[in-house]
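S.K.: Just dropping this structure here.
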Amino acid sequence: MSVMVQKMDMKSIERKVWLRYFQDGLWDIYIGIMFMGFAVGDFVSSKGASEWQLYSAYIGAVVFAYIVFWVGKKLITFPRIGRVKFGSPAKRRRIKTSVILGVAVLAGFVLMLLPMLFRDTVLEWLRNTHGAPLGAFFALVFFGIGYTLDFSRLYIHGLLIGASIPLAELLGEWFSLPFPAVIA
């Protein structure tokens, strides 16, 4: 009986530490920097930059966000909660998350190349749908990662990001905004 109680307590403790690992706000900063990179990329694009310069801005934002995330974990999170070796359920969660992220990066890369290869067809389709498929893609990626990591705040991020793309398109169309919308 005491072994079962101890096992349940270890499971509870591991879950609390796992959730605490995400309470440092670094994921929020990471996502914020990435999307600021999209805004910078759109601004650079409106000033006449080429598509490759635009994509370089996006990739630069992702790399910068990762560096900030990694340094933050190393200098802030780990000194506060220490280094933890999670059990096999957490390892499986990390593997699932890595697979989801890998598929999302690959799909994102393909989505990035499609407009270059089939410019008129793909861009017209995205304009007609007001970016809803792109928003749904981002929402699903964040939902999947949030589910596998047991990190419920990513559901909210997914909803906000997924809704922001078609909303930006619609507002740009309705109000003829001078800045470029997501789908240029």
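The values are calculated or read from the model by the stated rules, or taken from the named source; none is laboratory data. Remember, it's a predicted structure, so these values are computed and weren't measured experimentally. Glycine also receives a Cβ, built like all others from the backbone with ideal geometry; neighbour counts cover every protein chain displayed. To get the accessible areas, we keep the full protein, side chains included, count just its heavy atoms, and leave off ligands, DNA and RNA. Shrake-Rupley method; radii C 1.70, N 1.55, O 1.52, S 1.80 Å.
S.K.: Residues in the range 91-100: is at least one closer than 21 Å to W52 by Cα and either at pLDDT 70 or above or open to solvent by 60 Å² or more (accessible area, probe 1.4 Å) (or both)?
M.R.: So far as the range 91-100 goes, no, none of its residues is closer than 21 Å to W52 by Cα and either at pLDDT 70 or above or open to solvent by 60 Å² or more (accessible area, probe 1.4 Å) (or both).
S.K.: Right, something else. Cβ contacts < 7 Å: first residue charged (D, E, K, R), restricted to the range 59-74; second residue open to solvent by less than 40 Å² (accessible area, probe 1.4 Å) and part of a helix (DSSP H, G or I), any location; separation 6+ or different chain. Result?
M.R.: Within 7 Å, the pairs are K73/L26.
S.K.: Is it the case that some residue within the range 34-45 is in contact (Cβ under 8 Å) with a residue 40 or more places away in the chain and among the polar types (S, T, N, Q)?
M.R.: Looking for residues that are in contact (Cβ under 8 Å) with a residue 40 or more places away in the chain and among the polar types (S, T, N, Q), one finds at least one in the range 34-45, hence yes.
S.K.: From G25, G37, which residue is at positive phi, open to solvent by less than 70 Å² (accessible area, probe 1.4 Å) and modelled with pLDDT of 75 or more?
M.R.: Only one candidate passes the filter, namely G25.
S.K.: Looking at K73, K11, which one is closer than 22 Å to D150 by Cβ, within 22 Å of the chain's Cα centre (by Cα) and part of a helix (DSSP H, G or I)?
M.R.: Every option except K73 fails the conditions.
S.K.: I would also like to ask the following. Within the range 16-33, which residues are in a helix (DSSP H, G or I) and without any contact (Cβ under 8 Å) to a residue 60 or more places away in the chain?
M.R.: Result: K16, L26, I29, Y30, G32, I33.
S.K.: With respect to Y66, determine if the residue is aromatic (F, W, Y), in contact with a helix residue (DSSP H, G or I) (Cβ under 9 Å, 6 or more places away or on another chain) and either more than 23 Å from F151 (Cβ to Cβ) or modelled with pLDDT under 75 (or both).
M.R.: So Y66 fails the test.
S.K.: May I pose another question? At pLDDT 70 or above, of a type in the set (A, V, I, L, M, F, W, C) and in contact with a His (Cβ under 9 Å, 6 or more places away or on another chain), is that true of I161?
M.R.: no
S.K.: Still on this structure: Go through the residues of the range 76-85 one by one and say whether even a single one is open to solvent by 60 Å² or more (accessible area, probe 1.4 Å) and within 23 Å of I156 (Cα to Cα).
M.R.: no
S.K.: Can you name the residue in the range 46-58 that is of a type in the set (S, T, N, Q) and free of Cβ contacts under 8 Å to residues at least 12 places away in the same chain and is also most open to solvent (accessible area, probe 1.4 Å) among such residues?
M.R.: Looking at residues that are of a type in the set (S, T, N, Q) and free of Cβ contacts under 8 Å to residues at least 12 places away in the same chain, I get Q53.
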